[in-house]
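Data first, discussion second: the structure below is written as structure tokens.
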């Protein structure tokens, strides 16, 4: 893989990881279009470079993470407020809920990892894009009208949300469906506003991305030679910057516009793939 190819793949990862369009699907397509060999080392690169997206979420939501960290440290080093205050307890409980949301994905992904790898092809991605796009349209055209004025914010995230959205996140094991799309759609069904559903998606995705990247690094690091490790380090930085810009822009976009444009995009891309990649 050429250095420019690794940069382009990292940009694709950063742009698509948190948009409901499937980063995995776009990475597979970009790999095919660039003519990059489908080796185990390249597959490992595509997963580990997600560390850039992890850094982007940590950067954007640092105040939230800092609040959680302080809440837990208050048990050891009491702050000005009591460690048993309602606010600190609430922060600790909420951080646990977000951490638990990765459990369904981790269990299902671990025991079906070989099956999932076998699904990495263009036709499977196309059908996943199509189904996800139709579900987004269903939410925007039908379900959104029923909960108008009754939408929830991020602070109301609870145990049942963690369980349901965690289960919904398992749809991302279908290459092309999009982890972001799955969690945003289920978050919307749980009554969260578009912006809150996106924020939930980012935070729920953090332990998922961390676990996936660390597992791939542990199991495939020896397959990556010294040249690709340099490409990977630079790629993570590129993915970090692009993902940060996309997360901030996406949150601004959702305050004014619905998700239908992403649904149309998914459906159009799916149609093109099914037509040209027979």
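Here residue 257 passes the criteria (1) in a loop (DSSP other than H, G, I, E, B); (2) under 19 Å from the mean Cα position of the chain (by Cα) except the one numbered (2).
Can you tell me which of 42, 60 is over 24 Å from residue 201 (Cα atoms) and surrounded by 15 or more Cβ atoms within 10 Å (Cβ to Cβ)?
Working: 60 fails: over 24 Å from residue 201 (Cα atoms).
Unique residue meeting the criteria: 42.
Restricting region 30-39 to residues that are in contact with a helix residue (DSSP H, G or I) (Cβ under 9 Å, 6 or more places away or on another chain) and within 16 Å of residue 11 (Cα to Cα), the residue that is surrounded by the fewest Cβ atoms within 10 Å (Cβ to Cβ) is 32. The residues in region 1-17 that are outside any helix (DSSP H, G or I), over 20 Å from the mean Cα position of the chain (by Cα) and in contact (Cβ under 8 Å) with a residue 40 or more places away in the chain can be counted, and the count is 1.
Here residue 196 passes the criteria (1) farther than 21 Å from residue 15 by Cβ; (2) more than 18 Å from the chain's Cα centre (by Cα); (3) crowded, with 16+ Cβ neighbours inside 10 Å except the one numbered (2). State yes or no: is residue 162 in contact with a helix residue (DSSP H, G or I) (Cβ under 6 Å, 6 or more places away or on another chain), modelled with pLDDT of 90 or more and in a helix (DSSP H, G or I)? In short, yes.
The values are calculated or read from the model by the stated rules, or taken from the named source; none is laboratory data. Since this is a predicted model, take the numbers as computed values, not measurements. A quick note on method: Cβ atoms are made from the backbone with ideal geometry, for glycine too, and the neighbour counts reach across all protein chains shown.
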